[in-house]
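**Student:** Questions regarding the structure given below will be posed in turn.
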Amino acid sequence: MASQTLYSVSNDLATVLLNGLGSILPGPVRAVVTNPDVIVGLSVLIFAAVLLAASMINTIVLIWWERKLLGRFMDRRGAMHVGYAGLLQNFADGLKLFRKNTFQPREADALGFYSGPLAYMVTSLIIFGILPISSGWNSGALPLTLLLALAIFSFAPLFIFVSAWSSNNKYSLMGGMRSAAQMIAYEVPILLAVVAVVIVSGSFDLSTIVYEQQNYWFWGPLVVALIVFVAGMLAEMERIPFDLPEAEAELVEGWNTEYGGMLFAFFMLADYLRALVGSILVVLLFLGGWTLPSWVPSAATSFPLAGIFWFMVKTYAVFGLFVWVRASLPRVRTDQLLRVGWNRMIPLSLLSIFLAAVLVTVKCLPVFGCVPSMGV
Amino acid sequence: MSEMWINMGPQHPMTHGLWNLRVKIDGEMILDVDPEMGYLHRGIEKISEDRHYNEVITLMDRCCYVAGFSWEHLYILGAEEALHVEPPERAEYLRVLCDEFQRIGSHLMWYAAFVQDIGLMSPFLYGMRDRDLVLDLFQSYTGARMTYEYMRVGGVRNDVPPGFTDSARKVLDWLTARFPEYDQLCLGSTIFRERCDELGILKAADCVKHGVTGPMLRSAGVKRDLRKDRPYSAYDRLEFDVAVADAADVTARYLVRMEEMRQSVRILRQVLDWLDRHPGPVLADHLPRWLGAPYAPIGNEGYLLKRNYPKGVGFSAIEEPHGEALAYVVNDGGEHPYRVKFRSPVFANISAARQYLVGYHVADIPPIMGSVDVCVGEVDR
């Protein structure tokens, strides 16, 4: 079961497709088409296309989810008109942005101005290539997926700063600097909080981490790490209360002030991609991934694609928490943000590591049970 | 990073209207500020010289788009003194009704804009939602939601419709129940207190030096409210307290405005009771025809009457939601005012920006300017 990956499925699909195609083609062309390298190339393409489609659709639905939730928090209904309950509203918005003219400020540095949003978008997409979605649907079998995901996740400040600087706008520059300072400050507590999870589960592989949570989910014993991780993720995603890089009250739109049309859509989509990745990581690291507790009736987990279904439910619930925070908290100030980051979050994350070490020492908890790898 | 000037405005989310705050910054620190006004100047004072007395009321609604009634009232008081007209008592109470509902509406608008400035999203819509109830009330007896043209020299245009006082009481009950929710969302939030405590401090002495009035002055501990100190209309017959705070910071201004809304509710309950018990005329008898009807043809018998009309000078001062607004109306015997001059409280309040902005962070500008409650319409006039 676990050996089946999204890549292996697309590889099978490419093999069938190309062999079928080769059987109706003349000899020399058939040799080219059925070449193993070509099959690998096509399977990579299929893999990437499926991932792109899945992550994009999820992102857009996520935006819908946020708009509806925010609407309810604000005593209104959110998008209602395009599609059922406004489900297609964001597709319409995306289409509008796609049709808009892309412009560039006269003094802007074209290379940075155009490559920034693309790189931001692409790096956010890459993470989806390594995240396991369900026991049968982890996209690639890599041993260090957690580390790789966080490493790619932390590219963002560089691209944000590049695009902000090359926009040649004072608001953009200030927003870019705030963004860089904030993301770098919150990388550290996030990584330390993740270390707590790694200590308990004994693995950097996200699938293994989920497997290790079969007796109890990590959010209970590692609640300190969870708090640090969620708060850090809020800062990494630049959402309220930590959205000061694009604080619209003082910085107009922050680092993407000068971007319009599709370039803005790239930033917007990449932001929500990162939000999706953040929610997924919370689910994978602390909420048991696609698994459900053993007391849940088996009917809830036995239908087809149940793993993916519960995984998505959890992910959207976690994102709903982020939306709730956004709807009810004001924005903090830069110096307060950095002070909280360095003075509160890092000690807390060190505490979470200590708690994880205690957990490893005692091996089994009275209420929760044992972690399989440490189990008796 | 070296020092640089940035323009916050005239098109900037912080400004809430057309004005420009030039800010000299070093990194995130504010070194100097330079407020620039005048983008919304429409020459209201000059246009007034070319209009009949009652036609100026239309301009007053446009003076401040969130406090139209207050400015109507201000002008009407000045014009009535200049024209030697006394309104009936019921009209005075109706004006207080308008004023106080307008104060609630204006403060709710301020609340919505202010919380949006510090990043609170939901209360923004709560404030707008509740302000809509007040606007619905206005619509029920003036026909308009923002530009009312309701007050007249010598009274008000029409009485409130039957059943109005009950629906107004319902709105007051709803608002009273919402105020704790507002406080919970702001004062109950640690981030809000971190952002707003000891921010944008303007001490009483500086307030006086710069002519800063209204909630900003009262938040510095000065118990000055024209409704108490120089009562006009029916305020001397109504019971209420002046909201005062001591800290002179953004939180103090928040507290003062919240308390003012509660006091307005208190005033309004008395006014509604009075209106229920005292029916009567709302417009004075024997008004000169030439100021009675706007757009009346010039040169009829009203013109003749006007010749012998006594000259006069009117001065009025009211406690507008933003501060103390003053008006000076000169009647030289003509059918138009000879001169109308207004004193806008917000003009003085944002002119003192250097006093309460320098030394704080760039991110502090929206909360501080939000706590000032800028209404550019009345600044530029």
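**Student:** Hey, any hits in segment B:347-358 for a residue that's at pLDDT 85 or above and within 14 Å of another protein chain (Cβ to nearest Cβ)?
**Tutor:** At the first step, the residues of segment B:347-358 found to be at pLDDT 85 or above are B:347-358.
Adding the requirement that they be within 14 Å of another protein chain (Cβ to nearest Cβ) leaves B:357.
Among the residues of segment B:347-358, at least one is at pLDDT 85 or above and within 14 Å of another protein chain (Cβ to nearest Cβ), which makes the answer yes.
**Student:** So which residues in segment A:198-222 are in contact with an Asp or Glu (Cβ under 8 Å, 6 or more places away or on another chain) and assigned to a helix (DSSP H, G or I)?
**Tutor:** Within segment A:198-222, A:200, A:201 qualify.
**Student:** Run down A:10, A:43, A:55 and say which single residue is closer than 30 Å to residue A:239 by Cβ, outside any loop (DSSP other than H, G, I, E, B) and touching a helix residue (DSSP H, G or I) at 6+ places or on another chain (Cβ under 7 Å).
**Tutor:** Working: A:10 fails: closer than 30 Å to residue A:239 by Cβ; A:43 fails: closer than 30 Å to residue A:239 by Cβ.
Selected residue: A:55, the only one of A:10, A:43, A:55 that is closer than 30 Å to residue A:239 by Cβ, outside any loop (DSSP other than H, G, I, E, B) and touching a helix residue (DSSP H, G or I) at 6+ places or on another chain (Cβ under 7 Å).
**Student:** Condition first: touching a helix residue (DSSP H, G or I) at 6+ places or on another chain (Cβ under 7 Å) and more than 13 Å from every other protein chain (Cβ to nearest Cβ). Now tell me which residues in segment A:323-343 satisfy that.
**Tutor:** A:341, A:342
**Student:** Of the numbered conditions (1) of a type outside the set (Lys, Arg); (2) surrounded by 13 or more Cβ atoms within 10 Å (Cβ to Cβ); (3) away from chain B (no Cβ under 14 Å), residue A:298 fails exactly one; give the number of that condition.
**Tutor:** It fails just one condition, (2).
Residue-wise test of (1) part of a helix (DSSP H, G or I); (2) polar (S, T, N, Q); (3) buried (at least 19 other Cβ atoms within 10 Å of the Cβ).
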| site | (1), (2), (3) |
| --- | --- |
| A:104 | no, yes, no |
| A:120 | yes, no, yes |
| A:147 | yes, no, no |
| A:176 | yes, no, yes |
| A:185 | yes, no, yes |
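**Student:** OK, next. Out of curiosity, is residue B:284 surrounded by 18 or more Cβ atoms within 10 Å (Cβ to Cβ), within 22 Å of residue B:160 (Cβ to Cβ), modelled with pLDDT under 90 and aliphatic (A, V, I, L, M)? I'd like the intermediate steps shown before the answer.
**Tutor:** On the way: surrounded by 18 or more Cβ atoms within 10 Å (Cβ to Cβ): no; within 22 Å of residue B:160 (Cβ to Cβ): yes; modelled with pLDDT under 90: yes; aliphatic (A, V, I, L, M): yes.
Answer is no for this residue.
**Student:** On to the next question. Looking only at segment B:162-180, decide whether some residue is away from chain A (no Cβ under 11 Å), touching a strand residue (DSSP E or B) at 6+ places or on another chain (Cβ under 9 Å), under 22 Å from residue B:92 (Cβ atoms) and of a type in the set (Gly, Ala, Ser).
**Tutor:** No, every residue in segment B:162-180 fails to be away from chain A (no Cβ under 11 Å), touching a strand residue (DSSP E or B) at 6+ places or on another chain (Cβ under 9 Å), under 22 Å from residue B:92 (Cβ atoms) and of a type in the set (Gly, Ala, Ser).
**Student:** Mind listing just one residue for me: the one in segment B:1-17 that is over 15 Å from residue B:113 (Cβ atoms) and not in a strand (DSSP E or B) and, of those, modelled with the lowest pLDDT?
**Tutor:** B:1
**Student:** Would you confirm, using the coordinates I've provided, whether residue A:246 is buried (at least 24 other Cβ atoms within 10 Å of the Cβ), closer than 21 Å to residue B:28 by Cβ, modelled with pLDDT under 85 and within 14 Å of chain B (Cβ to nearest Cβ)? Steps first, answer last, please.
**Tutor:** Details: buried (at least 24 other Cβ atoms within 10 Å of the Cβ): no; closer than 21 Å to residue B:28 by Cβ: yes; modelled with pLDDT under 85: yes; within 14 Å of chain B (Cβ to nearest Cβ): yes.
Answer is no for this residue.
**Student:** Being away from every other protein chain (no Cβ under 14 Å), touching a strand residue (DSSP E or B) at 6+ places or on another chain (Cβ under 7 Å) and touching a residue at least 24 places away in the same chain (Cβ under 8 Å) is the requirement here; does residue A:370 meet it? Don't jump to the end; show me each part of the working.
**Tutor:** Numbers: away from every other protein chain (no Cβ under 14 Å): yes; touching a strand residue (DSSP E or B) at 6+ places or on another chain (Cβ under 7 Å): yes; touching a residue at least 24 places away in the same chain (Cβ under 8 Å): yes.
So residue A:370 passes the test.
**Student:** Across segment B:342-358, what is the total count of residues that are over 10 Å from residue B:375 (Cα atoms) and in contact with a Ser or Thr (Cβ under 8 Å, 6 or more places away or on another chain)?
**Tutor:** Total satisfying the criteria: 2.
**Student:** Yes or no: residue B:72 surrounded by fewer than 23 Cβ atoms within 10 Å (Cβ to Cβ) and either modelled with pLDDT of 90 or more or more than 14 Å from chain A (Cβ to nearest Cβ) (or both)? First the steps, then the outcome.
**Tutor:** Values: surrounded by fewer than 23 Cβ atoms within 10 Å (Cβ to Cβ): no; either modelled with pLDDT of 90 or more or more than 14 Å from chain A (Cβ to nearest Cβ) (or both): yes.
When the stated conditions are applied, residue B:72 does not pass them.
**Student:** Would you confirm whether any residue within segment A:329-350 is surrounded by fewer than 22 Cβ atoms within 10 Å (Cβ to Cβ) and more than 27 Å from residue A:180 (Cβ to Cβ)?
**Tutor:** So far as segment A:329-350 goes, no, none of its residues is surrounded by fewer than 22 Cβ atoms within 10 Å (Cβ to Cβ) and more than 27 Å from residue A:180 (Cβ to Cβ).
**Student:** What single numbered condition from (1) on the phi < 0 side of the Ramachandran plot; (2) part of a loop (DSSP other than H, G, I, E, B); (3) more than 14 Å from chain B (Cβ to nearest Cβ) fails to hold for residue A:312?
**Tutor:** (2)
**Student:** Continuing with the same structure: Based on this model, can you work out whether residue B:30 counts as at the interface with chain A (Cβ under 10 Å from one of its Cβ atoms), modelled with pLDDT of 85 or more, more than 21 Å from the chain's Cα centre (by Cα) and over 26 Å from residue B:62 (Cβ atoms)? First the steps, then the outcome.
**Tutor:** On the way: at the interface with chain A (Cβ under 10 Å from one of its Cβ atoms): no; modelled with pLDDT of 85 or more: yes; more than 21 Å from the chain's Cα centre (by Cα): yes; over 26 Å from residue B:62 (Cβ atoms): yes.
Taking the combined requirement at face value, the residue does not satisfy it.
**Student:** Next question, about the same structure. Got at least one residue in segment A:82-95 being under 18 Å from residue A:271 (Cβ atoms), away from every other protein chain (no Cβ under 14 Å) and small (Gly, Ala, Ser)? Write out each step before concluding.
**Tutor:** So in segment A:82-95, the residues under 18 Å from residue A:271 (Cβ atoms) come out as A:89-91, A:93-94.
If we keep only those that are away from every other protein chain (no Cβ under 14 Å) as well, we get A:89-91, A:93-94.
If we keep only those that are small (Gly, Ala, Ser) as well, we get A:94.
Yes - at least one qualifying residue is present in segment A:82-95.
**Student:** Mind listing whichever residues of segment A:70-92 are crowded, with 17+ Cβ neighbours inside 10 Å and either of a type in the set (Val, Ile, Thr) or part of a helix (DSSP H, G or I) (or both)?
**Tutor:** Within segment A:70-92, A:70, A:71, A:73, A:86, A:89, A:90 qualify.
**Student:** Related question: Can you tell me which of (1) more than 17 Å from the chain's Cα centre (by Cα); (2) surrounded by fewer than 20 Cβ atoms within 10 Å (Cβ to Cβ) is the one residue B:135 doesn't meet?
**Tutor:** Unmet condition: (1).
**Student:** I'm trying to understand the selection: among the residues of segment B:361-373, which are within 13 Å of chain A (Cβ to nearest Cβ) and either more than 18 Å from residue A:174 (Cβ to Cβ) or surrounded by fewer than 20 Cβ atoms within 10 Å (Cβ to Cβ) (or both)?
**Tutor:** Let us first name the residues in segment B:361-373 that are within 13 Å of chain A (Cβ to nearest Cβ), namely B:361-371.
Result: B:361, B:370, B:371.
The values are calculated or read from the model by the stated rules, or taken from the named source; none is laboratory data. Everything quoted here is computed from the prediction, not taken from an experiment. FYI the Cβ positions are ideal-geometry reconstructions off the backbone, even for glycines, and counts take in every protein chain you see.
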